[in-house]
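As structure tokens, the structure follows; a few thoughts come after it.
A short reminder: the numbers here are calculations on the coordinates, not readings from a lab. What you see is a predicted model; the values in this text were computed from it and never measured. Cβ coordinates were reconstructed from backbone atoms using ideal geometry, including for glycine residues, and neighbour counts include every protein chain displayed.
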Amino acid sequence: MKNLKTKVTLSCATLLIVGGSVYSYTSFQNHQGSLPKQSSVQTNNKISNSNKVIKSAHALVVNENGTPAAQALNSEVNDNKTFDEVLNSGDTSTSTQSVEGSEITTITNNDNETVAAISVSDNQSGLTVSIVNNGTNVTVTKTSIDDLTGEPKVEEQTFALQNTTGDAQAMAWTSWGYTNIAVGARVFAYAVDTAVVGLGTAAVAACLPGAIAAAVGCSVTAAKGFVSFTAGVSFGYLATVKSPGQWLSSKLDTNRNGWIAIYYRHNPTTGAAQWKTV
């Protein structure tokens, strides 16, 4: 991984796609709809252990225990970290699993359980893919070995996450509430499919939860929740689908405006939490 060089450019402007991709991201902005509007639902019931609403450029979603499940990033913070820098950070935890000759490394923020980055290395092909999400940008980096020179070849794309601004929603919703988190459907598809390309079925199933969470900037718990609730499929099934990221993005973008927006609700009686996308 030491050859990875992640270049993240912060942007608070409209989502900008740099360079091409396997999905031909030309004229990307022309096909993007407007971001979902923030829910007007109001409540005074706050989640246990969530004692304040944080103003940030990236909203909060809470886990079942009331702790944040999506990155809280202050708009003034300039957190341009490479995968290796995230890996060596003192405020993250790392888990690694090996499946069918592929090594999957997931880096989770200790304070809110969000997936900050994921790396997938295919030992057979020599291809390594990483996704780094700092709450403002998501960077996808592919490192392969050049067939002619034998030297590492790095391809990198950075996408701005144009989340809506405003107070982060850390409330106990009894109805669905928009979390202020939305990622472009094509960005989501590209990031997820790049992470799993060439992997065996078991490795894809193991990689998908972390790859989806990293692409969106939420916890694995939230990712599993909205995949199950909105798409109605398991990760085992997704692993058998060709281009699962592209397939899943079409299911999660239910209003067909080019964005995958995350909604959340909480049952204050049972403590249960649910996520869905529109």
Test of understanding: what is the full-extension gain from I145 to W176, defined as 0.36 nm times their sequence separation minus their Cα-Cα distance? 6.5 nm
Do any trypsin sites (Lys or Arg not before Pro) in the stretch 185-278 lie in a loop, going by DSSP, with at most 10 other beta-carbon atoms within 10 Å of their beta carbon, and if so which? K242, R256
The stretch 194-278: relative contact order as a whole-number percent, Cα under 8 Å and 6+ apart: 26
Place the peptides 95-105, 213-223 in order of packing, highest mean first, counting for every residue the other Cβ atoms within 10 Å and averaging per peptide. 213-223, 95-105
Going by the alpha-carbon gyration tensor, a ≥ b ≥ c the square roots of its eigenvalues, is the stretch 228-278 rounded (a/c under 1.5) or, if a/c is not under 1.5, prolate (a/b greater than b/c) versus oblate? oblate
Under the rule rounded for a/c under 1.5, else prolate if a/b exceeds b/c, else oblate, using alpha carbon gyration tensor axes a ≥ b ≥ c, the stretch 176-225 is classed as oblate
Fully extended, how many nm does the chain gain between F229 and T270 (0.36 nm per residue separation, minus their Cα-Cα distance)? 12.9 nm
